[in-house]
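In what follows, a single structure is set out as structure tokens and then discussed.
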Amino acid sequence: MTSSVPSATPRVLIVGSDSPPSLESSYARALRGLGCAVHFWEPMAALYGVARGRRFGRLFSTFVQVEPWLRKSNLELLQLADDMRPDLVLVIGTGAVQGGTLAQLRVRHPRCLVYCLFPDSPHMLDTARIHCLPFFDRVTVSSPAWVEALARFGAR
């Protein structure tokens, strides 16, 4: 008789919104159906939590990137990853996630896969998003026509 050792439950950290109608929630439901433990880090909620000026600061940070607030909110992502030790980090888009944060994630958790689901077209790329692309193990796009464009910026 062979003994089977139960494998550890795969841990997935989704970077995005966990609201029921969101794309991220549909991935979370599918991953939970596959037996994964799914956690969320909501970039905008983290950003609003560190924005100064209460309501005005939250509104302002929605439209203008304030670098110190972004860095501080991204620390929350690193702390969550350190606590949960994910097997997979799935980033939906790259808004509010910094390239430096992804680089630190790669160094701190070298066995963790970091995937990006990029639902937009290349015309939505800005400098911050382009800096994130080389740090992903895989970047998925919604059209084959965009593969070459993102690959030129370092996406795999």
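Numerical summary
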read-out: Hits in the stretch 51-70 - residues which are aliphatic (A, V, I, L, M) and in contact (Cβ under 8 Å) with a residue 24 or more places away in the chain; value: LEU70
read-out: Qualifying residue in the stretch 12-19 (condition: of a type outside the set (Phe, Trp, Tyr), exposed (fewer than 15 other Cβ atoms within 10 Å of the Cβ) and assigned to a helix (DSSP H, G or I)); value: no
read-out: Matching residues, the stretch 109-133, being surrounded by 15 or more Cβ atoms within 10 Å (Cβ to Cβ) and in contact with a Gly (Cβ under 9 Å, 6 or more places away or on another chain); value: CYS116, LEU117, PHE118, ALA128, ARG129, ILE130, HIS131, CYS132, LEU133
read-out: Evaluation of VAL50 against (1) of a type in the set (Val, Ile, Thr); (2) modelled with pLDDT of 85 or more; (3) surrounded by 14 or more Cβ atoms within 10 Å (Cβ to Cβ) (one fails), failing number; value: (2)
read-out: Scope the stretch 104-150; condition among the acidic types (Asp, Glu) and under 24 Å from SER26 (Cα atoms); matching residues; value: ASP120, ASP137
read-out: Test: residue in the stretch 119-131 that is of a type in the set (Ser, Thr, Tyr), touching a strand residue (DSSP E or B) at 6+ places or on another chain (Cβ under 7 Å), within 20 Å of ARG156 (Cβ to Cβ) and free of Cβ contacts under 8 Å to residues at least 40 places away in the same chain; value: no
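The values are calculated or read from the model by the stated rules, or taken from the named source; none is laboratory data. These figures come from a predicted structure and were not determined experimentally. Counting neighbours? That spans all protein chains shown, and the Cβs are built from the backbone with ideal geometry, glycine included.
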